[in-house]
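**Student:** Input: one structure, supplied below.
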Amino acid sequence: MAKNKNVKVYSHSLQIELLLRHFAEISIDELYKELVTKSTGLSETRIERLQDRFGPNIITVGARNTTFTRLRDATINPFNLVLMVVAIITFFTDVITAPKPDWVTVSIIIALILISSTVAFVQSQRSNAAAEKLSSMITNTASVLRGDDFNEIPIEDIVPGDIIRLAAGDMLPADLRFLSAKDAFVAQSALTGESNPVEKDATYEVADLENTQNLALTDIPNLGFMGSNMVSGAAIAVALTTNNNTYIGSMAETLSGDRAKNSFERGVDSVSRLLIRFMLVMVPVVLLINGISKGDWGQAMLFSISIAVGLTPEMLPVIMTSTLAKGAVSMSRRSVIIKTLGAIQAFGEMDILCTDKTGTLTEDKIILERYMNMIGEDDERVLRHSFLNSYFQTGLKNLIDLAIINRARQEGLGTILASYQRIDEIPFDFTRRRMSVVLVDEKGKRQLITKGAVEEIMDICSFVEMDDQILPLTEAARTRAKMVYDLHNSQGLRMLAVAQKNEVPDVEYFSVADEKDLVLIGFVGFLDPPKPSAAAAITALSEHGVRTIVLTGDSEGVAIKVCESVGIDTTIHLTGLEVETISDEDLKLAVRDCQLFSKLSPSQKAKVVKALQSNGHTVGYLGDGINDAPPMHQADVGISVDNAVDIAKETADIILLKKDLMVLEQGVLEGRKTFGNIVRYIKMAASGNFGNMFSVLVASVFLPFLPMLPVHILTQNLICDLSQIGMSFDRVDEEYLLKPRRWDTRSISIFMVVMGPLSSVFDILTFVVLWFLIGANTMELAPVFQAGWFVFGTLSQVLVIHMIRTAKVPFLQSNAALPLLISTALASLAVLAIGFSNLAAGLDMARLPMDFAPWLILVLVAYFISTQVLKGFYIRRFGEWF
């Protein structure tokens, strides 16, 4: 059939864009008709049908971490490819072209491939299962109209046509058409890169949107998109598209690129590249030396390729994956959930923790302690007005609102609610730091009631209620009011001001411009007592090298009071105004000593975090509110809690199931343990491989035969790899945990250059013993020589793990964990069983004479003593071990 050239074929992303533009332009009635929904939401039958049709509301495009891909990655990697090449060449030389086929070497290589692939796959499966289990402990929900009321349901259960209620702090759970919106500002930076929130408006008519083709899709005012979040205001919307059919889902292939690597991952890559470069230099050198000196180029090629395998740290991915997964599971037992495994290292590296005070330093149980008039006397009228404000606002009710509502009900004020109706509200935002409601009572009297930060409320007041009179807010009256505020604020009460006015226009909608000429009527004061554990936790963090800095939006007085009670130095403290006005260079100097910043906006918090990073610190930020998202995103490690607002949990790398600094401190130590186990393996692999290069070069130059056959090298490699699996479960010395640990490539290079040649010295000493004392110095006795170096080389690599794993004396001052003891013991027994029995013949070696055993023990003991002595010198010279 001929193709119709006039038919346009659109990409998936363009189809989604055209569909969303269409939904934006049609009327609400037409929209309901097309989505087969209504203002009261979807029926249960319709929901089930849509869930079967569209599936979970999860973006899956670009997701590649399937069982098949994990199996593929475990099997097909550079290390296994080298082994496969060696297996193919060996198959031709030992089986196809040999007079008598020898399957031993080929079988061992295949076994090496199968075992290494199986270990890597099993560890990958376990890591994935652990990650999925941890992820399931964190859920994001949305308020959806199901049945007769709005209910919180998991975001993945949302379907097109659902009616959704949004408030400040909510993530947009799908692509939406706004049905109503009040001061709804949405952050779309994840989609557009624009840092400023944009206002959404449901009141645009179709006629206003006739030219939507001239607008970017994200600029259309009545559309909202998955991946963005509500900064302020409230809205009702209908879900248009979900999962891969959303705007961000349609672009997921391009947006799902690999995340930027952190310093640890970049460091691991650099060391891996260094070792591979050494390997690439060694292979041709060894090939030429053995080919020229021994005349067997085929055997020389196999030997050089086998050396390449032996010099490659092929267990690094397995050790890293299993160690990080174990660390994540261990941290989960301490109520710390890791969203991305790579965050564990940054957690252990963190040397500054920035945190808000509410819920971390305090009990997070805010109590309304005082409601007072302008002369500091208790006044129920102030409580009544603050109660009406908190109850009738439709945004996110925080702990302060709930404290006011609870206290008002206790005082019997709940009955007044029936006398009022809400006309409109002006939601809270972090610039104005206040919120207002407009109410009408039974008699038709209108009233605007505002509560918020004291300075911000006083700025919009023209009058003050004092001594039952409405008076102008003169400078003297302002000073008097400020004295009342300062007195109670210095006593640790968090103070908000309450104001109102009765001259309210007879209109339906109100804006910030209406917040003027108010009457200041009083203050409400809240108490959030310090946590008993906070001081101990801050001390523990300090002892482990983590400095705690408080970044709060609260006023100076209450922040100082709380910080002093938990042991944070407040001698130097800065306010948001000071942060905003001083230069970046001056701020970098200020943050060196300042541990308390108060009255900060979200952007100012992020600015402080950035200044700390500029001074070379690894900064963690702990927060749970909308205002914490910017600094959390700026920080090296974003930390939130399970009951945080959606955007905070989404931004965070780590989730605490308990908002407690002591839990955080335990998580930091677990992160350092994980980092330590990985670094120990890397230093051991780097130094061991570096030393093996010298040994191979010496043996290739001076011996008339190969020091080991390819099958010997590969078998040794397999045994050593299996012995190292237990490193993922090893302990770390307490001294190592006392300070943050950062990736240091220079430290690894120094360790490699200092410790690597030591193993070569004892390899050469073993050559001397075998050649002169055992007499394995002819071509006929080459299998004895090869067996001797095979046994010594394997035992030295396996047992030196215990020397390198600790800065102390192994077994006497520091013991390895049981899994590592078992893996190294089994590996040692296996190599001794091969070398001193007839099993050696199966690997083309000769059984070692028992005369070699004392020399083997002597050289090994000398090697370990030398390692311990050199370790002491190294620590004194460089101030660290690993």
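**Student:** Give me the pairs: first residue in the stretch 806-826 and aromatic (Phe, Trp, Tyr), second residue outside any loop (DSSP other than H, G, I, E, B) and surrounded by 17 or more Cβ atoms within 10 Å (Cβ to Cβ), beta-carbon distance under 8 Å, and six or more apart or on different chains, which are they?
**Tutor:** Phe811/His802
**Student:** Can you tell me which residue in the stretch 615-633 is surrounded by the fewest Cβ atoms within 10 Å (Cβ to Cβ), limited to those that are under 18 Å from Gln595 (Cβ atoms) and among the small types (Gly, Ala, Ser)?
**Tutor:** Looking at the filtered set, the residue picked out is Gly616.
**Student:** Only one of Ser749, Ser687, Ser695 is modelled with pLDDT of 80 or more and either in contact with a Cys (Cβ under 7 Å, 6 or more places away or on another chain) or under 29 Å from Thr118 (Cα atoms) (or both); which?
**Tutor:** Numbers: Ser749 fails: either in contact with a Cys (Cβ under 7 Å, 6 or more places away or on another chain) or under 29 Å from Thr118 (Cα atoms) (or both); Ser695 fails: either in contact with a Cys (Cβ under 7 Å, 6 or more places away or on another chain) or under 29 Å from Thr118 (Cα atoms) (or both).
Sole residue among the options that is modelled with pLDDT of 80 or more and either in contact with a Cys (Cβ under 7 Å, 6 or more places away or on another chain) or under 29 Å from Thr118 (Cα atoms) (or both): Ser687.
**Student:** Now a separate question. Please determine whether any residue of the stretch 831-840 is among the aliphatic types (A, V, I, L, M) and under 26 Å from Ser322 (Cβ atoms).
**Tutor:** For the stretch 831-840, residues among the aliphatic types (A, V, I, L, M) and under 26 Å from Ser322 (Cβ atoms): present.
Listed here are the residues, each with its yes/no results for (1) within 29 Å of the chain's Cα centre (by Cα); (2) of a type in the set (S, T, N, Q).
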| position | (1), (2) |
| --- | --- |
| Leu714 | no, no |
| Ile719 | no, no |
| Met727 | yes, no |
| Thr745 | yes, yes |
| Ile750 | no, no |
| Phe767 | no, no |
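**Student:** Follow-up. Quick one: is Gly788 more than 30 Å from Thr745 (Cβ to Cβ) and at pLDDT below 90?
**Tutor:** For Gly788, the condition - more than 30 Å from Thr745 (Cβ to Cβ) and at pLDDT below 90 - is not met.
**Student:** Name the residues in the stretch 220-231 that are touching a Ser or Thr at 6+ places or on another chain (Cβ under 7 Å) and either open to solvent by 10 Å² or more (accessible area, probe 1.4 Å) or modelled with pLDDT of 90 or more (or both), would you?
**Tutor:** Going residue by residue through the stretch 220-231, those that are touching a Ser or Thr at 6+ places or on another chain (Cβ under 7 Å) are 220, 225-226.
Residues satisfying the conditions are Phe225, Met226.
**Student:** Find all pairs meeting these conditions: Cβ atoms under 9 angstrom apart; at least six residues apart or on different chains; first residue within the stretch 143-160 and under 12 Å from Leu42 (Cα atoms); second residue surrounded by fewer than 17 Cβ atoms within 10 Å (Cβ to Cβ) and acidic (Asp, Glu).
**Tutor:** Partner pairs satisfying both residue conditions: Val144/Glu152; Arg146/Glu44; Gly147/Glu44.
**Student:** Quick one: is Glu578 at pLDDT 90 or above, in a helix (DSSP H, G or I) and open to solvent by 20 Å² or more (accessible area, probe 1.4 Å)?
**Tutor:** yes
**Student:** Within the stretch 439-455, is there a residue that is open to solvent by 20 Å² or more (accessible area, probe 1.4 Å), among the hydroxyl-bearing types (Ser, Thr, Tyr) and on the phi < 0 side of the Ramachandran plot?
**Tutor:** No.
**Student:** Okay, moving on. Test Asp653 against the stated conditions and say whether it is of a type outside the set (A, V, I, L, M), touching a Pro at 6+ places or on another chain (Cβ under 9 Å), farther than 30 Å from Gly756 by Cβ and in contact (Cβ under 8 Å) with a residue 40 or more places away in the chain. Step through it out loud before you land on a result.
**Tutor:** Details: of a type outside the set (A, V, I, L, M): yes; touching a Pro at 6+ places or on another chain (Cβ under 9 Å): no; farther than 30 Å from Gly756 by Cβ: yes; in contact (Cβ under 8 Å) with a residue 40 or more places away in the chain: yes.
Considered against the rule, which asks whether it is of a type outside the set (A, V, I, L, M), touching a Pro at 6+ places or on another chain (Cβ under 9 Å), farther than 30 Å from Gly756 by Cβ and in contact (Cβ under 8 Å) with a residue 40 or more places away in the chain, Asp653 comes out as no.
Conditions (1) charged (D, E, K, R); (2) touching a Cys at 6+ places or on another chain (Cβ under 6 Å), marked per residue:
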site: Ile572; (1), (2): no, yes
site: Gly576; (1), (2): no, no
site: Thr581; (1), (2): no, no
site: Asp593; (1), (2): yes, no
site: Leu596; (1), (2): no, yes
site: Asn615; (1), (2): no, no
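**Student:** Against the condition more than 30 Å from Leu596 (Cβ to Cβ), open to solvent by less than 40 Å² (accessible area, probe 1.4 Å) and modelled with pLDDT under 90, how does Ile426 come out, does it pass?
**Tutor:** So Ile426 fits the description; yes.
**Student:** So, one more: Could you please find all residues in the stretch 496-534 being assigned to a helix (DSSP H, G or I) and surrounded by fewer than 21 Cβ atoms within 10 Å (Cβ to Cβ)?
**Tutor:** Correct list: Val512, Ala513, Asp514.
**Student:** Hey, can you tell me all the residues within the stretch 836-862 that are touching a residue at least 12 places away in the same chain (Cβ under 8 Å), assigned to a helix (DSSP H, G or I) and either open to solvent by 70 Å² or more (accessible area, probe 1.4 Å) or within 19 Å of Ser728 (Cα to Cα) (or both)?
**Tutor:** Going through the stretch 836-862, the residues touching a residue at least 12 places away in the same chain (Cβ under 8 Å) turn out to be 836, 840, 842-853, 855-856, 859-860, 862.
Now narrow it down to the ones that are assigned to a helix (DSSP H, G or I): 840, 842-843, 852-853, 855-856, 859-860, 862.
The answer is Trp855, and nothing else.
**Student:** For the stretch 771-785, indicate whether the set of residues that are under 43 Å from the mean Cα position of the chain (by Cα) and surrounded by 21 or more Cβ atoms within 10 Å (Cβ to Cβ) is non-empty.
**Tutor:** No: the stretch 771-785 contains no residue that is under 43 Å from the mean Cα position of the chain (by Cα) and surrounded by 21 or more Cβ atoms within 10 Å (Cβ to Cβ).
**Student:** Could you pull out every one of the helices (runs of 4 or more DSSP H) wholly within the stretch 21-113 that has 3 or more residues that are modelled with pLDDT of 90 or more and within 37 Å of the chain's Cα centre (by Cα)?
**Tutor:** Working: elements: 28-35, 44-54, 67-75, 78-91.
Ranges flagged: 44-54.
Conditions (1) assigned to a helix (DSSP H, G or I); (2) in contact with a Pro (Cβ under 9 Å, 6 or more places away or on another chain); (3) open to solvent by less than 10 Å² (accessible area, probe 1.4 Å), marked per residue:
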position: Lys673; (1), (2), (3): yes, no, no
position: Lys683; (1), (2), (3): yes, no, yes
position: Phe690; (1), (2), (3): yes, yes, no
position: Pro704; (1), (2), (3): no, no, no
position: Leu718; (1), (2), (3): yes, no, no
position: Val732; (1), (2), (3): no, no, no
position: Leu737; (1), (2), (3): yes, no, yes
position: Phe751; (1), (2), (3): yes, no, yes
position: Ser759; (1), (2), (3): yes, no, no
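**Student:** Specify which of the listed residues (Asp586, Asp646, Asp636) is of a type in the set (Asp, Glu), surrounded by fewer than 24 Cβ atoms within 10 Å (Cβ to Cβ) and modelled with pLDDT under 80.
**Tutor:** Just a single option satisfies the conditions, and that option is Asp646.
Okay, residues lined up against (1) modelled with pLDDT under 70; (2) in a loop (DSSP other than H, G, I, E, B); (3) in contact with a helix residue (DSSP H, G or I) (Cβ under 6 Å, 6 or more places away or on another chain):
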residue	(1), (2), (3)
Gln213	yes, no, no
Thr218	no, no, yes
Gly233	no, no, no
Leu240	no, no, yes
Met279	no, no, yes
Pro284	no, no, no
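**Student:** I've got another one for you. What about Val768, is it closer than 26 Å to Lys294 by Cβ, without any contact (Cβ under 8 Å) to a residue 12 or more places away in the chain, β-branched (Val, Ile, Thr) and open to solvent by 10 Å² or more (accessible area, probe 1.4 Å)?
**Tutor:** Yes, satisfied.
**Student:** So Ala833 ticks every box in (1) within 30 Å of Lys739 (Cα to Cα); (2) open to solvent by 40 Å² or more (accessible area, probe 1.4 Å) but one. Which box is left unticked?
**Tutor:** Single failed check for Ala833: (1).
**Student:** Open to solvent by 20 Å² or more (accessible area, probe 1.4 Å) and modelled with pLDDT under 75 - does that describe any residue in the stretch 141-162?
**Tutor:** For the stretch 141-162, residues open to solvent by 20 Å² or more (accessible area, probe 1.4 Å) and modelled with pLDDT under 75: absent.
**Student:** If the requirement is being crowded, with 23+ Cβ neighbours inside 10 Å and at pLDDT 80 or above, which of these qualifies: Leu324, Leu361, Leu288, Leu311? So that I can check it myself, show each step before the final result.
**Tutor:** Values: Leu324 fails: at pLDDT 80 or above; Leu288 fails: crowded, with 23+ Cβ neighbours inside 10 Å; Leu311 fails: at pLDDT 80 or above.
Selected residue: Leu361, the only one of Leu324, Leu361, Leu288, Leu311 that is crowded, with 23+ Cβ neighbours inside 10 Å and at pLDDT 80 or above.
**Student:** Another one. Of all the residues that make up the stretch 478-495, how many are in contact (Cβ under 8 Å) with a residue 40 or more places away in the chain and either open to solvent by 70 Å² or more (accessible area, probe 1.4 Å) or outside any loop (DSSP other than H, G, I, E, B) (or both)?
**Tutor:** 11
The values are calculated or read from the model by the stated rules, or taken from the named source; none is laboratory data. Worth saying up front: this structure is predicted, and the values here are computed from it rather than measured. When we count neighbours, we look across all protein chains shown, and the Cβ atoms used for this are built from the backbone with ideal geometry, even at glycine. The accessibility values were calculated without ligands, DNA or RNA, using every heavy atom of the protein model including side chains. Shrake-Rupley method; radii C 1.70, N 1.55, O 1.52, S 1.80 Å.
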